[in-house]
Amino acid sequence: MVNFAKIYNAVMEGDDDIAQEEAQALAQQGVPAMDIINHGLISAMGEIGVLFKAGELFVPEVMMSAQTIAGVIEMLKPQMATEMDSRGTIIIGTVKGDLHDIGKNLVALLLSSNGYTVHDLGSDVDAAEFVRAALEHDADIVALSALLTTTLDNMEQTIAAFSAQGLREQVKIIVGGAPVTAEFAAEINADGYSEDALGAVDLVNKLMEG
Ligand code: B12
């Protein structure tokens, strides 16, 4: 039974060094990167979310843990990378006004480790930037993330920007993030929605098959 307590606690405490050392140690023991991500990182972020909501943790502490997670994800990338030819090109980003990027980073990581070429535009990305990047990279799919109910509208506006440029038929647009639902995705005319990163890979695989 693998013990994830050390990496979990390091994320809770925002200790980059211990988290990365422990991730390395687990990887060397043969623990799959996805298990480290699920049991070490995402589970700790779930607990942080509960404590944040209860007012027991504040923004700077949450930021430190988010940074610790980002460091571990960066470190695990080579382990997850595959050498297959690109299966398609994806533009991903968190929509305008929204700085949450942990979930988006996980989706990007899983897509790239499943053979897709992923251009990550970061967070707080406006509609015009998504359109510009999709054209520049001849994207097959654009993936939009949002974590705030107040930024959900910007997903709709981003999709509208693709329609306004006459690109809506050329590019598939998928959406996700905690406040997003399948109903909302349908309402804003997205091509797909998934509630987690593994589901995002299945969704992209299906859309690429046509
Ligand atoms: C970490 C965090 C922060 C960090 C973000 C750091 C970072 N680099 O991301 C900081 C401290 C900066 C922050 C700031 C704020 N936050 Co905040 N934050 C969170 C927290 C605790 C965790 C979010 C997270 O990373 N979850 C873990 C990841 C793995 O899950 P996920 O993002 O949902 O992603 C998964 C799926 O949704 C899906 N997915 C995600 N994107 C996509 C995209 C596609 C295409 C697909 C298919 C799937 C997909 O796959 C992912 C992996 O499985 C949540 C609470 C919570 N428990 O969710 C609040 C939360 C999201 N924050 C909240 C708020 C209110 C704020 C602030 C407004 C607080 C403030 N008063 O300043 C600011 C807003 C700043 C801004 N403009 O964006 C609220 C939002 C409420 C709402 N309904 O709108 C929440 C829910 C907390 C709460 N309960 O009140 N926050």
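The values are calculated or read from the model by the stated rules, or taken from the named source; none is laboratory data. From a predicted model like this one, the values you see are computed outputs, not experimental measurements. For neighbour counting, all protein chains shown are included, and Cβ atoms are generated from backbone atoms with ideal geometry for every residue, glycine included.
Give, as residue ranges, the strands (runs of 3 or more DSSP E) completely inside the range 114-202 that count at least 3 residues that are touching a Leu at 6+ places or on another chain (Cβ under 6 Å) and of a type in the set (A, V, I, L, M, F, W, C). Break it down into steps so the answer makes sense when it comes.
Details: elements: 117-120, 141-145, 172-176.
Output list is empty.
Screening GLY46, GLY14 for residues that are modelled with pLDDT under 95 and of a type in the set (Gly, Ala, Ser) leaves exactly one candidate, GLY46.
Here is a yes/no grid of residues against (1) in contact with a helix residue (DSSP H, G or I) (Cβ under 8 Å, 6 or more places away or on another chain); (2) among the aliphatic types (A, V, I, L, M); (3) within 14 Å of the ligand (Cβ to nearest atom):
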| residue | (1), (2), (3) |
| --- | --- |
| PHE4 | yes, no, no |
| ASN38 | no, no, yes |
| ILE73 | yes, yes, yes |
| MET80 | yes, yes, no |
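Of all the numbered requirements in (1) in the same structural domain as GLU183 (by TED's automatic domain parsing); (2) of a type outside the set (Lys, Arg); (3) without any contact (Cβ under 8 Å) to a residue 60 or more places away in the chain, ASN114 misses one, and that requirement is (3). Specify the residue that is farthest from MET45 (Cα to Cα); the eligible residues are those in the range 163-198 that are acidic (Asp, Glu) and under 20 Å from the mean Cα position of the chain (by Cα). Per the criteria, the residue is ASP191.
Across the range 6-33, the number of residues qualifying as over 16 Å from GLY46 (Cα atoms) and either touching a strand residue (DSSP E or B) at 6+ places or on another chain (Cβ under 7 Å) or outside any helix (DSSP H, G or I) (or both) comes to 5.
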